[in-house]
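Taking it in order: structure first as structure tokens, then the write-up.
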Amino acid sequence: MTVQIDHALEEIRRFRPSPEFAAQAVADARLYQEAEGDRLAFWARQARELLQWEKPFTRTLDWSNPPFAKWFDDGELNVAVNCLDRHVDAGHGDRVALHWEGEPGDSRDVTYAQLTDEVKRAANVLTELGVGEGDRVAIYLPMIPEAVVAMLAVARIGAVHSVVFGGFSADSLASRIDDAEASLVITADGGYRKGKVFPLKPVVDEALAKAEGGTVRNVLVVRRGENDVEWDASRDHWWHETVAEASNEHEARAFGAEHPLFILYTSGTTGKPKGILHTSGGYLTQAAFTHRNVFDLHPETDVYWCTADVGWITGHSYVVYGPLANGATQVLYEGTPDTPHPGRWWEIVEKYQVSILYTAPTAIRSFMKLGRQIPHEFNLRSLRLLGSVGEPINPEAWIWYRHVIGGGSIPVVDTWWQTETGAIMISALPGITDLKPGSAQVAIPGISIDILSDDGTPVEGEGGGLLVVTEPWPSMLRGIWGDPERFKETYWEKFGDKYFAGDGARRDEDGDIWLLGRVDDVMNVSGHRLSTAEIESSLVAHPWTAEAAVVGAADETTGQAVVAFVILKASQVEHVTDVSEAAEELRRHVATQIGAIARPRQVFIVNELPKTRSGKIMRRLLRDLAEGRQVGDTTTLADTSVMTAITEQVR
Ligand code: WTA
């Protein structure tokens with residue numbers, strides 16, 4: 001009897017690949033042995049087989065100056081040609097690259113031949129507007145095909161893109177333009193979100209008025225929202241007037257494998273976002289390898305859909321570079337999951353017969369809340385693989401995803417990685433690995449992961465600690481734009497030559513890895529990274545605020561939620577008659593300064609903050625409070641009565 005129960009429990013904890021799936025799987029278990037035997041030879045083979053090199057490389061890795069890695073550095077390639085022209089040359093010009101679906105229901109199919117043509121035209125326009133090799137171009141666009149075209153056109157001419165998520169404010173856009181010294185911005189008049197047009201060009205105008213560097217000389221504007229925009233004829237150009245008119249002849253040059261491809265800003269532990277720098281050959285190799293093997297891509301038959309916005313790293317690696325390098329057919333959707341009805345995503349899956357779906361746990365949990373009857377109205381039988389990214393996926397959500405969306409028997413892969421790692425690092429390989437709900441499982445072939453205790457000793461066997469990558473990998477970040485010191489300090493100082501990811505992790509008795517969330521002051525809200533310091537400095541910039549402390553509190557749907565504790569200036573207290581209005585004003589303020597994603601779920605106006613004798617705010621206690629727990633040990637507080645007072649104010 002017990003044996004049977006144990007066996008049943010084991011079944012729930014673990015799912016073996018079905019023989020049918022395993023028989024057709026792209027990945028091969030021998031990849032692990034090959035990579036273990038000779039990691040560098042393994043990656044060199046992937047780079048040669050997955051990409052087209054104009055000049056073959058002879059050196060795989062140069063790690064003579066850690067932490068600055070060079071991969072395949074004497075080789076030359078053109079990233080855009082790898083994503084476009086070579087598929088057309090191979091006879092796949094008529095294959096759909098993008099099934100684009102606009103939020104209002106308009107749609108457009110773009111084939112590889114059309115996408116190549118459009119990228120060539122856009123590349124010519126960029127060159128005419130004076131963008132040259134190594135120049136930075138900021139991209140601030142909705143999820144429309146032109147976003148993909150813009151990124152690839154920049155890559156094609158050897159310029160460097162910095163995509164800024166369309167939900168960021170003018171201030172955030174301005175500081176990113178300044179930091180990268182961008183010379184051109186590509187935007188749209190507006191895009192659709194939640195049934196309305198949200199303006200983008202006006203935000204760019206405001207950002208350019210704020211940007212201190214004055215580096216931007218041209219703005220290229222796609223017409224999408226048809227909203228009214230102001231026009232500066234000396235600077236602004238319509239996409240449909242320039243790109244459509246440009247020549248579709250464009251000879252692509254090859255660039256060195258270490259040529260910069262993009263900068264992507266992400267939140268760190270300070271108030272200033274970091275410009276994470278990625279280069280060409282290594283990045284594209286790992287993006288393509290993981291996209292093919294982790295998602296079991298059969299490019300001739302699959303319809304792949306990654307729901308991420310191109311403004312995040314997931315959109316870079318698994319909407320643009322990985323899928324297009326592999327010649328995949330994919331869905332690109334402009335809007336929100338619930339517009340105009342809560343079944344919108346499932347309607348899209350049915351319409352395009354999506355076979356591979358990659359999304360975030362926060363979305364899955366929102367759908368769980370709405371109930372299974374909504375997806376059940378649609379035919380989801382085309383799905384054969386599901387993926388998850390951005391935060392730990394709790395076993396309940398994993399099981400729901402597999403059963404309600406996946407019909408009960410298809411693989412779910414939980415993929416761990418970061419903006420900095422560029423591509424997937426930890427994940428099951430479908431068809432090979434037994435799946436375990438809640439765990440990201442094992443390092444992919446060619447990647448070396450370990451768990452260390454705080455003093456740097458490896459945790460042997462079962463146990464928890466800090467996640468590190470012990471060997472350089474092809475798609476690793478090459479630095480922080482303009483700040484090599486911060487690059488070293490943030491990731492390499494703690495454990496010498498091992499990359500410190502900032503995540504806590506635990507290894508279970510089978511050797512599978514469970515991610516435990518950030519160990520630094522970075523929050524993860526709906527899979528998006530936010531820095532406590534950045535939101536605190538925004539709050540303190542408000543004329544009413546004297547002091548502010550921000551914590552990430554556990555939230556059922558979004559993973560974590562931003563909760564702020566604010567002390568008002570004495571001079572302001574008498575003017576603030578309504579505390580909830582003051583809290584509302586501060587929430588609004590953060591949304592305008594940083595972007596709606598950073599808007600705190602709650603702002604508590606308090607008289608004091610818990611501090612140690614040396615003046616450090618004890619966020620741990622505030623987190624207890626925000627999560628509705630009994631407040632923990634307060635003995636190290638300078639004044640132990642403070643927490644009682646705050647608790648009374650908050651409850
Ligand atoms: C978290 C997103 C658990 C983690 C690709 C990491 C995850 C941060 C997972 C990076 C996962 C991402 N399980 N946690 N499968 N995937 N994370 O840079 O804390 O936006 O450090 O990259 O998200 O977020 P980023």
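Could you work out the relative contact order of the chain, using alpha carbon pairs under 8 angstrom and six or more residues apart, expressed as a whole percent? Let's see the in-between values first.
Numbers: 1414 pairs, mean separation 82.5, N = 651.
Reported as a whole number, the value is 13 percent.
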Subject >> Rg and Dmax of the stretch 449-518, Cα atoms only, in Å >> reply: 12.8, 43
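At R0 = 51 Å, how high is the FRET efficiency between Asp94 and Lys494 if r is their beta carbon distance? Nearest 0.05 is fine.
On the way: r = 51 Å, r/R0 = 1.01.
That pair, Asp94 with Lys494, gives E of 0.50.
What part of the accessible area of the stretch 566-643, given as a whole %, is carbon or sulfur when the probe is 1.4 angstrom? Write down the numbers at each step before the final one.
Details: 2010 of 4250 Å².
Taking all protein chains in place, the stretch 566-643 shows 47 percent carbon and sulfur surface.
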Original post:
Between Thr635 and Leu516, how many nm apart are label points set 7 Å from Cα along the C-beta direction?
Top reply: 2.2
Original post:
Can you pull the three principal axis extents for the Cα set of the chain, in Å, largest first?
Top reply: 77, 73, 57
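For the stretch 38-336, report the accessible area per residue in Å² (1.4 Å probe, heavy atoms, rounded to an integer).
33
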Subject >> Separation of alpha-carbon centers, the stretch 378-402 and the stretch 35-81, rounded to whole Å >> reply: 33
Original post:
Quick one: Cα centre-to-centre distance for the stretch 444-515 and the stretch 142-176, in angstrom?
Top reply: 29
Original post:
Can you pull the percent of the stretch 368-466's accessible area that's carbon plus sulfur, 1.4 Å probe, other chains left in place?
Top reply: 51
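What's the FRET efficiency of Glu462 with Asp483 using the Cβ-Cβ distance as r and R₀ = 35 Å, to the nearest 0.05? The partial results should precede the final answer.
Details: r = 38 Å, r/R0 = 1.09.
Once rounded, the FRET efficiency stands at 0.40.
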Subject >> Residues in the stretch 181-220 that a label on His240 would reach, taking backbone N under 13 Å of a point 7 Å out along Cα→Cβ >> reply: 189-190
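Would you please classify the overall shape of the stretch 49-201 from the alpha carbon gyration tensor, given that a ≥ b ≥ c denote the square roots of the eigenvalues, rounded means a/c under 1.5, and beyond that prolate means a/b larger than b/c while oblate covers the rest?
Values: a/c = 2.09, a/b = 1.26, b/c = 1.67.
Oblate.
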**OP:** Provide the packing ranking of 509-516, 631-638, i.e. peptides ordered by the mean count of other C-beta atoms within 10 Å per residue, highest first.
**Re:** 509-516, 631-638
**OP:** Provide the packing ranking of 35-45, 56-66, 407-417, i.e. peptides ordered by the mean count of other C-beta atoms within 10 Å per residue, highest first.
**Re:** 407-417, 35-45, 56-66
Original post:
Any idea of the accessible area per residue across the stretch 449-518, 1.4 Å probe, to the nearest Å²?
Top reply: 42
**OP:** Work out, step by step, the length gained on full extension between Ala233 and Thr301: first 0.36 nm times the residue separation, then minus their alpha carbon distance; give nm to one decimal.
**Re:** 19.9 nm
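So what's the convex hull volume per residue for the Cα atoms of the stretch 38-336, in Å³? Can you show the working numbers first?
Numbers: hull volume 40.9 nm³, N = 299.
Convex hull of Cα atoms, per residue: 137 Å³.
Only sites in a loop by DSSP and with at most 13 other Cβ atoms within 10 Å count here; which GluC sites (Glu not before Pro) in the stretch 119-153 make the cut? Display every interim value, and only then the final one.
Details: sites: Glu128, Glu133, Glu146; in loops: Glu133.
Passing both the DSSP loop test and the Cβ count: Glu133.
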**OP:** Distance between Cα centroids, the stretch 92-128 to the stretch 588-651: provide it in whole Å.
**Re:** 49
**OP:** Kindly provide the GluC sites (Glu not before Pro) of the stretch 570-645 that DSSP labels as loop, not H, G, I, E or B, and whose Cβ sees at most 11 other Cβ atoms within 10 Å.
**Re:** Glu574
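Expressed in nm to one decimal, what extension gain is obtained for the pair Asp62 and Thr269 from 0.36 nm per residue of sequence separation less their Cα-Cα distance?
Numbers: separation 207, 0.36 × 207 = 74.52 nm, distance 2.95 nm.
71.6 nm is the gain from fully extending Asp62 to Thr269.
Counting other C-beta atoms within 10 Å, and keeping those with at most 16, which DSSP coil trypsin sites (Lys or Arg not before Pro) do you find in the stretch 343-399? Before the final figure, lay out each step's value.
Details: sites: Arg344, Lys351, Arg365, Lys369, Arg372, Arg381, Arg384; in loops: Arg372, Arg381, Arg384.
Of the trypsin sites (Lys or Arg not before Pro), the ones in loops of the stretch 343-399 whose Cβ has at most 16 other Cβ atoms within 10 Å are Arg372, Arg381.
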**OP:** Quote the charge dipole size of the stretch 384-456 about the Cα centre in Debye, to the nearest 20; the model charges only the Cβ of Lys and Arg (+1) and of Asp and Glu (-1).
**Re:** 500
Original post:
Once fully extended, how much extra length lies between Glu54 and Asp455, figured as 0.36 nm per residue of separation less the alpha-carbon to alpha-carbon distance?
Top reply: 139.8 nm
Original post:
Among the DSSP beta bridges whose two residues both lie in the chain, what percent are antiparallel, rounded to the nearest 5?
Top reply: 60
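For the stretch 568-651, would you read off the P(r) tail past 17 Å as a percentage of all alpha carbon pairs?
Details: 1941 of 3486 pairs.
More than 17 Å apart: 56 percent of the Cα pairs in the stretch 568-651.
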Subject >> Positive dipole terminus of the chain, leading residue within Leu516, Ile432, Thr266 (C-beta point charges) >> reply: Leu516
**OP:** Using label points projected 7 Å from each Cα along Cα→Cβ, tell me how many nm separate Glu20 and Thr577, to one decimal.
**Re:** 6.9
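Can you give the calculated 222 nm mean residue ellipticity of the chain, where each DSSP H run of n ≥ 4 adds -39,500 (n - 2.57) and the sum is split over every residue, rounded to the nearest 500 deg cm²/dmol? Could you put the intermediate results ahead of the total?
Values: 22 runs with 197 residues, N = 651.
Counting only the DSSP helices, I get -8500 deg cm²/dmol.
The values are calculated or read from the model by the stated rules, or taken from the named source; none is laboratory data. The structure presented is a predicted model; accordingly, all values stated were derived computationally and were not measured. Heads up, the Cβs are rebuilt from the backbone with ideal geometry, glycines too, and the neighbour counts pull from every protein chain shown. Just so you know, the surface numbers come from the protein's heavy atoms only, side chains and all, with ligands and any DNA or RNA stripped out. Shrake-Rupley method; radii C 1.70, N 1.55, O 1.52, S 1.80 Å.
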